[in-house]
Amino acid sequence: MIARSEDGTLITPETTSPELRHMSAPVTPAGTVTSISGGTGASVNVPLENVTLADALAEVERRMIAEALRKHNGNISRAARELGLTRRGLYLKLDRHQMSASA
């Protein structure tokens, strides 16, 4: 979008696609993402100071998985569907984060 815009064009959230607007998360001045909402509808607050991108993403992933499993009483198939994963994909993420389905 930036590469294709003309000089002096202001790019705002309104000029982006609905998918990008839905995925964006407001950031507070203190450097904390105030709300990341995936398919679970749950908000996840993640500190953005003194943390690597990989660590922040892993924390968001852990919290979203835990919330989906809680919501579906540990049902892997339902939690995976809500998260947009296959059952196998969810099991792999559980293993990577050393989590169990009863999380």
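The values are calculated or read from the model by the stated rules, or taken from the named source; none is laboratory data. Being a predicted model, the structure only gives us computed values, none of them experimental. Heads up, the Cβs are rebuilt from the backbone with ideal geometry, glycines too, and the neighbour counts pull from every protein chain shown.
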- The number of residues in region 82-103 that are in a helix (DSSP H, G or I) and in contact with a helix residue (DSSP H, G or I) (Cβ under 9 Å, 6 or more places away or on another chain) is 10
- Query: residue 51 fails exactly one of the following numbered conditions: (1) farther than 17 Å from residue 91 by Cα; (2) of a type in the set (A, V, I, L, M, F, W, C); (3) at pLDDT 70 or above; (4) in a helix (DSSP H, G or I). What is the number of that condition?
  - Reply: (4)
- Message: Checking the structure you have, find out if any residue of region 20-42 is modelled with pLDDT of 65 or more and part of a helix (DSSP H, G or I).
- Response: no
